[in-house]
Amino acid sequence: MFIVLEGADASGKSTLAAEIKQQLRLANPRTEVREFHKGKPEELTRRWVLHEYAVDIENIDWTDEIAVSDRWHWGEVTYAPTKRPETCKDEYGLLGVAGWRWVELFLESRGVTQCWVYQPLEVITERINSRGDDFVDAHELAGILDRYEFGYNKAYNVELKVTVPQGEKYVKYAADVIIDAATKKSMAAKPLSKFPMYIGPRHPNVLLIGDKRKDPTETILPFMPVNGNSGDYLLSSLPELGWRSCGIINSDDFDENSLHDLLDVLGGPRIVVLGRLAEKKVRQCGLEEERYVVLPHPQYVRRFHHDDRFEYGQAIMSFAYNRDERYTHWILP
């Protein structure tokens, strides 16, 4: 299991993380409990943070390993706007909206449990004024707390929002509740561990199938969104109310058997094939034509219909539910 604790300074994350790690080590004496602590990225680039929050751990089966992290990627939506606004082209810091969604879908596919450790503004202000802090000033806390609310609302899924009163018994109880939630989520995600090249939820409404990644040596994950590429275009085009229902994989990451196995694990979602090359592979795998629709690859749309970004995203989502006649012109014959 992988547990991530997000929260503002002085919210009690470190104390809670220490208790969670202690309980996990007692319960799993033969398994290493890995520890992470995320702060300012060492390099202020999109590629760096995507490696930091996804690519560098993509080959680990987190349903078998154990890790606890004091913060993960929420710093890009909470602290970047205040501390380094020059890195924010939108509200998502270096990640951008596409990178945020990509990391969220990656974490969901790995069964990562995200928790927001929340304390009211007056509590964290009093604590900061009392102890001092090298990174934030008390007058910044209201804005930072607002940004955590933003992250909470924009995340794929936050299992728990917890407020831990002072006192050892409350910390122990909160740790127990979080571990229980993380255990259940990790077990639910276990079937996805057979498909490490997939990102998205266990039961998506729609599976997006791309073709071949441009640089297979950098990542096994599909549509890594950097430098305004097709992944950036695709993930930013999806509607806010739709991207969470998408799973994504590339066609060079499955054969006939593994494709059908994946579809069974995902619960038989609708399928949108992106581009002719992906369509060719799907046909070779024997998938019935009535099970999918073929839309242009996002690279083609980005180059020749760039201003249609949001209509393209709406078209994709329309086929995730009921086919909308307004978007049938996007279907490749």
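Are there any helices (runs of 4 or more DSSP H) wholly within segment 16-122 with 1 or more residues that are in contact with a strand residue (DSSP E or B) (Cβ under 9 Å, 6 or more places away or on another chain) and within 30 Å of Val265 (Cβ to Cβ), and if so which?
Numbers: elements: 46-53, 75-78, 80-83, 96-109.
The helices (runs of 4 or more DSSP H) meeting that bar are 96-109.
Just give me the residues in segment 124-169 being of a type in the set (Asp, Glu), more than 20 Å from the chain's Cα centre (by Cα) and part of a helix (DSSP H, G or I), in sequence order.
Within segment 124-169, Glu126, Glu140, Asp146, Glu168 meet the criteria.
In segment 311-333, what count of residues is obtained for those that are touching a Ser or Thr at 6+ places or on another chain (Cβ under 6 Å), modelled with pLDDT of 90 or more and surrounded by fewer than 19 Cβ atoms within 10 Å (Cβ to Cβ)?
The total comes to 1.
Please specify each residue of segment 232-244 satisfying the condition of being buried (at least 21 other Cβ atoms within 10 Å of the Cβ) and not aliphatic (A, V, I, L, M).
First pass over segment 232-244, keeping only residues buried (at least 21 other Cβ atoms within 10 Å of the Cβ): 232-238, 243.
If the condition is that a residue be buried (at least 21 other Cβ atoms within 10 Å of the Cβ) and not aliphatic (A, V, I, L, M), then Asp232, Tyr233, Ser236, Ser237, Trp243 are the ones that fit.
Do you know which residues across segment 240-272 are modelled with pLDDT of 95 or more, closer than 30 Å to Lys89 by Cα and not small (Gly, Ala, Ser)?
Trp243, Arg244, Cys246, Ile248, Ile249, Asn250, Val272
Step by step: first the residues of segment 245-264, then only those that are touching a strand residue (DSSP E or B) at 6+ places or on another chain (Cβ under 7 Å) and among the polar types (S, T, N, Q), then the one that is surrounded by the fewest Cβ atoms within 10 Å (Cβ to Cβ). Which residue is that?
Here the answer is Ser245.
Which members of segment 16-56 meet the condition of being aliphatic (A, V, I, L, M), closer than 14 Å to Phe2 by Cα and touching a residue at least 40 places away in the same chain (Cβ under 8 Å)?
Pass one, segment 16-56, residues aliphatic (A, V, I, L, M): 16-18, 20, 24, 26-27, 33, 44, 49-50, 54-55.
Next, only the ones that are closer than 14 Å to Phe2 by Cα stay: 17, 20, 24, 33, 54.
Passing the criteria: Ala17, Ile20, Leu24, Ala54.
Of all residues being surrounded by 12 or more Cβ atoms within 10 Å (Cβ to Cβ), out of contact with any strand residue (DSSP E or B) (no Cβ under 6 Å at 6 or more places or on another chain) and not basic (Lys, Arg) in segment 281-292, which is nearest to Asp264 (Cα to Cα)? Just the residue, please.
Leu287
Restricting to segment 199-231, give me the number of residues that are polar (S, T, N, Q), more than 16 Å from the chain's Cα centre (by Cα) and buried (at least 16 other Cβ atoms within 10 Å of the Cβ). Give the steps one after another, and end with the answer.
Of all residues in segment 199-231, those polar (S, T, N, Q) come to 205, 217, 219, 227, 229-230.
Among the residues that remain, those that are also more than 16 Å from the chain's Cα centre (by Cα) are: 205, 217, 227, 229-230.
Filter once more, so that each one left must be buried (at least 16 other Cβ atoms within 10 Å of the Cβ): 205, 229-230.
Count: 3.
For a quick check of your reading of the model, give me the residue pairs whose first member lies in segment 221-237 and is without any contact (Cβ under 8 Å) to a residue 60 or more places away in the chain, whose second is surrounded by fewer than 24 Cβ atoms within 10 Å (Cβ to Cβ), with beta-carbon atoms closer than 7 Å and at least 6 apart or on different chains.
Pro222/Met197; Pro222/Arg213; Pro222/Asn250
Which pairs do you get when a residue that is within 20 Å of His37 (Cα to Cα), found in segment 68-96, comes within reach of a residue that is polar (S, T, N, Q) and outside any helix (DSSP H, G or I), reach meaning Cβ atoms under 8 angstrom, with the pair 6+ apart or on two chains?
Trp72/Gln114; Leu94/Thr45
Can you tell me which residues in segment 256-270 are touching a residue at least 40 places away in the same chain (Cβ under 8 Å) and closer than 20 Å to Pro196 by Cβ? If you could, list the steps in order and put the result at the bottom.
Filtering segment 256-270 for residues touching a residue at least 40 places away in the same chain (Cβ under 8 Å) gives 258, 261-263, 265-267, 269-270.
Within segment 256-270, Ser258, Asp261, Leu262, Leu263, Val265, Leu266, Gly267, Pro269 qualify.
Looking at Thr45, Thr87, can you tell me which residue is among the hydroxyl-bearing types (Ser, Thr, Tyr) and touching a Leu at 6+ places or on another chain (Cβ under 6 Å)?
Details: Thr45 fails: touching a Leu at 6+ places or on another chain (Cβ under 6 Å).
Residue meeting the stated conditions: Thr87.
What about Gly247, is it within 25 Å of Tyr321 (Cβ to Cβ), under 19 Å from the mean Cα position of the chain (by Cα) and in contact (Cβ under 8 Å) with a residue 40 or more places away in the chain?
The answer is yes for Gly247.
Here is a yes/no grid of residues against (1) over 27 Å from Gly12 (Cα atoms); (2) modelled with pLDDT under 95; (3) of a type in the set (D, E, K, R):
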| position | (1), (2), (3) |
| --- | --- |
| Pro41 | no, yes, no |
| Trp48 | yes, no, no |
| Asp56 | yes, no, yes |
| Val68 | no, no, no |
| Val77 | no, no, no |
| Arg84 | no, yes, yes |
| Glu104 | no, no, yes |
| Leu107 | no, no, no |
| Val112 | no, no, no |
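Take the residues in segment 136-161 that are farther than 15 Å from Trp74 by Cβ and touching a residue at least 12 places away in the same chain (Cβ under 8 Å); name whichever of them is surrounded by the fewest Cβ atoms within 10 Å (Cβ to Cβ). It would help to see each step written out before you state the result.
So in segment 136-161, the residues farther than 15 Å from Trp74 by Cβ come out as 137-142.
Those left that are additionally touching a residue at least 12 places away in the same chain (Cβ under 8 Å): 138, 140-142.
Numbers: Ala138: 17, Glu140: 17, Leu141: 23, Ala142: 12.
Filtering segment 136-161 for residues that are farther than 15 Å from Trp74 by Cβ and touching a residue at least 12 places away in the same chain (Cβ under 8 Å), the one surrounded by the fewest Cβ atoms within 10 Å (Cβ to Cβ) comes out as Ala142.
The values are calculated or read from the model by the stated rules, or taken from the named source; none is laboratory data. On a predicted model such as this, the values are computed, not experimentally measured, just so you know. Every residue, glycine as well, gets a Cβ built from its backbone with ideal geometry; the counts of neighbours run over all protein chains shown.
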